[in-house]
């Protein structure tokens, strides 16, 4: 079958809850993917940072095949031999005392919210049912009812209310607004170190450090969503590391499995995650042996191949190249590591048409918030491939 036939089938039978570019992919290796018609593309989205280790990394694939032949699922009614090793290795890598395994990023954020509320009631002694969590305007933490309820993107909320109470919103990057919003009932501040879906928005320098100090002063948990920004994407293990900030709770996912399988986790020390008791929370698939084995190898690849360091080096080079592009359409180029956003001016008439033109040139990226092109290739990318991509970005941004 050709691309048009696959797209016709998808449009007929699949719910129209996404607006993908018209490319039908069937194979991937490293930073490259191929469509069903045999055309090759450089992937500059990385499945929203889920394939930091590159497409179909052979080491992760081999572990997945071997584990799939042995044992895939036990539920949490029984123990398995992979989860304890993942927990140990993940905690040793990140410096946290405990982890709680889940499957998707949304589940990780929901878990972090439950942990923060439980800590608020049992440790901070907030009156029952009165816990408050502060979030940021422009956030994206997932699409559950609770999470879309505190989104400031109206499209995410329309037709899905009523929503979970207990959440306040402050402007992103405004430390004074955060401190003014804190009350005796505040249990946590949930923040993305860089807002990826918001348009690769960078907070002012020192913002996370100020947030850390505010949370410390008021006995509030600092909860960071590192699902997109974590595990090497920005050139540090966590994006918060750029300011030397250690969060109380961290949600991770996506690249935790190298794109092979849904695996996510919440990281925290024992005073927070140690509050959970049997029955408080769970997941049939969370911590399953297949997912745990895959995650273990994905983390080893990240470390063994120096992907975090490569993201820093290649990311600096990519930002420099993009900032030298002379286009009347570019308003700003921003980012950190291999998470880059090209903000376009109003006269560009939106970013979608540029993403479509780049697809025709062999570069796959996606628009976000209509005016931003997000470029986030796998962390295995080399200098020549960065140059190859930028040449085509420059061609589209100067000639379209």
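General observations
- Inter-centroid distance (Cα atoms) of segment 280-316 relative to segment 77-131, Å: 17 Å
- Viscosity 1.002 mPa s, 20 °C: Kirkwood-radius Stokes-Einstein D of the chain over Cα pairs, µm²/s: 98 µm²/s
- Folded to 0 to 90 degrees: helix 289-304 orientation relative to the chain principal axis, Cα: 70 degrees
- Of the residues 283, 247, the one with the fewest other Cβ atoms within 10 Å heads the list, and the complete ranking is 283, 247.
- In terms of other Cβ atoms within 10 Å, 15, 169 run from fewest to most in the order 15, 169.
- Full extension of the chain segment joining residue 13 with residue 304 gains 100.5 nm, where the gain is 0.36 nm per residue of separation less the Cα-Cα distance.
- Helix 383-399 vs. the chain, principal-axis angle (Cα, 0 to 90°, nearest 10): 70 degrees
- Largest mean-square fluctuation among 129, 196, 259, in a Gaussian network model of the chain whose springs join Cα atoms under 10 Å apart, belongs to 129.
- Taking 371, 94, 308 in turn, the Gaussian network model of the chain (Cα-Cα springs below 10 Å) assigns the largest fluctuation to 94.
- Of all DSSP beta bridges in the chain, antiparallel share, percent nearest 5: 65 percent
- Among 227, 194, 214, the ranking by other beta carbons within 10 Å of each residue's beta carbon, starting with the fewest, stands as 214, 194, 227.
- Residue-normalised convex hull volume from the C-alpha trace of segment 80-145: 143 Å³ per residue.
- Counting only alpha carbon atoms, the long axis of helix 307-323 and the longest principal axis of the chain meet at about 50°.
- Among 224, 74, 104, residue whose mean-square fluctuation peaks in a GNM of the chain (springs only between Cα atoms under 10 Å): 74
- Overall form of segment 230-300 per C-alpha gyration tensor (a/c, 1.5; a/b vs b/c): oblate
- Helical content alone sets the calculated 222 nm signal of the chain at -11000 deg cm²/dmol, taking -39,500 (n - 2.57) per DSSP H segment of four or more residues and averaging over every residue.
- In percent, rounded to a whole number, the relative contact order of the chain is 23, using alpha-carbon pairs under 8 Å and six or more apart.
Each value in this text was obtained by applying a stated rule to the coordinates, not by laboratory testing. Remember, predicted model here, so these are calculated numbers, not experimental data. When we count neighbours, we look across all protein chains shown, and the Cβ atoms used for this are built from the backbone with ideal geometry, even at glycine.
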